[in-house]
2 protein chains.
Amino acid sequence: MDELPGALGTSASLALRLGQAIFSIASLLFMCLDVEFYSYTAFCFLVTIMGLVIPWSLTLALVDVYSVFFKPPSRQLGVMSVIVIGDWVLSFLSLAAACSTASVSEILITSSSFCSAELCSRYQLSAAMTFLAWFLSLASSLFNLWLLLLCEVYMSWL
Amino acid sequence: MDELPGALGTSASLALRLGQAIFSIASLLFMCLDVEFYSYTAFCFLVTIMGLVIPWSLTLALVDVYSVFFKPPSRQLGVMSVIVIGDWVLSFLSLAAACSTASVSEILITSSSFCSAELCSRYQLSAAMTFLAWFLSLASSLFNLWLLLLCEVYMSWL
């Protein structure tokens with residue numbers, strides 16, 4: 001069970017978490033720097049969700065660093081459940097934020113009076129970064145769900 | 001394994017599938033009837049996805065009806081995998097369509113020149129129906145994923 005790649009405490013998981021954090025930070029920077037994002041609900045939603053995803057990913061990346069370099073993780077069922085539920089919720093919220101941002105920026109581009117070309121392309125870049133963060137987050141949550149189910153099946157059969 | 005409620009071939013699964021079909025049809029009707037949805041990409045996306053979800057849910061509802069009333073299902077691993085993958089993909093696409101529609105209709109309401117109050121409320125109702133369909137679709141896919149994982153663990157240990 002320990003060699004499942006991508007589950008909590010492995011180096012693949014560390015790579016996934018770092019990827020999530022990097023893409024989330026990039027998305028937040030594209031959206032926030034020098035842009036009046038707070039006039040649209042969808043963009044505020046994206047900023048809120050990215051503000052949740054970044055500390056979550058960084059915390060779990062730290063846990064992975066500790067597990068990889070110092071001490072193998074003791075995977076308790078309760079802790080794993082919390083991580084899996086948090087991962088799934090944040091993954092769905094990231095997808096929702098990415099889709100909202102993408103569709104709103106598409107509307108803003110077609111009705112071109114609302115934003116300049118440079119501004120709109122930054123909104124789109126932010127949406128693209130959020131999609132990438134969502135994809136990595138989905139991978140993490142699938143791996144952890146698989147580990148959790150394996151743990152539960154073991155526990156129920158022992 | 002046979003008594004897992006919500007998995008393929010049970011009456012709970014039949015109820016979930018019928019709910020998905022009903023909410024998807026309601027969403028499609030709110031969006032299409034007497035509304036010029038094709039001028040916005042997000043609304044076209046919603047119509048496309050609902051056009052995929054409705055036949056998928058109805059087909060699986062028929063499978064459930066057959067399983068419940070006539071013959072217990074023979075759950076082959078390949079068939080279950082296809083159903084789980086299809087469920088997950090359609091569930092993510094439904095969520096994406098619902099978020100896009102909700103955020104675009106919110107933009108259209110704030111810049112009120114684009115649509116009348118009645119039209120915008122229909123867009124919002126359509127988004128709400130899609131959210132409900134997504135929620136039921138997520139439940140189905142979680143139950144089927146759980147069944148598939150149990151099957152695979154059994155197979156690998158036998």
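The values are calculated or read from the model by the stated rules, or taken from the named source; none is laboratory data. For clarity, every value in this text was computed on a predicted model and none was experimentally measured. Cβ: placed from backbone, ideal geometry, glycine included. Neighbour counts: every protein chain shown.
Values computed for the structure shown
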item	result
Any hit, region A:97-107, residues being in contact (Cβ under 8 Å) with a residue 24 or more places away in the chain, surrounded by fewer than 18 Cβ atoms within 10 Å (Cβ to Cβ) and not polar (S, T, N, Q)	no
Top-ranked residue in region A:109-153 [being closer than 30 Å to B:L147 by Cβ and aromatic (F, W, Y); ranked as nearest to the other protein chains (Cβ to nearest Cβ)]	A:W146
Given (1) exposed (fewer than 14 other Cβ atoms within 10 Å of the Cβ); (2) more than 13 Å from every other protein chain (Cβ to nearest Cβ), index of the condition A:S39 fails	(2)
Selected residue (only one of B:L60, B:L52 is part of a helix (DSSP H, G or I), at pLDDT 90 or above and surrounded by fewer than 23 Cβ atoms within 10 Å (Cβ to Cβ))	B:L52
Candidate set: region A:71-96, residues that are of a type outside the set (A, V, I, L, M, F, W, C) and touching a residue at least 24 places away in the same chain (Cβ under 8 Å); chosen: the one farthest from B:L138 (Cα to Cα)	A:P72
Yes/no for B:S57 being more than 11 Å from the chain's Cα centre (by Cα) and away from chain A (no Cβ under 14 Å)	no
Pairs with Cβ under 6 Å, 6+ apart, first in region A:3-16 and without any contact (Cβ under 8 Å) to a residue 60 or more places away in the chain, second of a type outside the set (G, A, S) and buried (at least 21 other Cβ atoms within 10 Å of the Cβ)	A:L14/A:D64
Candidates A:V35, A:V63, filtered to the one that is of a type outside the set (S, T, N, Q), out of contact with any strand residue (DSSP E or B) (no Cβ under 8 Å at 6 or more places or on another chain), touching a residue at least 24 places away in the same chain (Cβ under 8 Å) and closer than 23 Å to B:S111 by Cα	A:V35
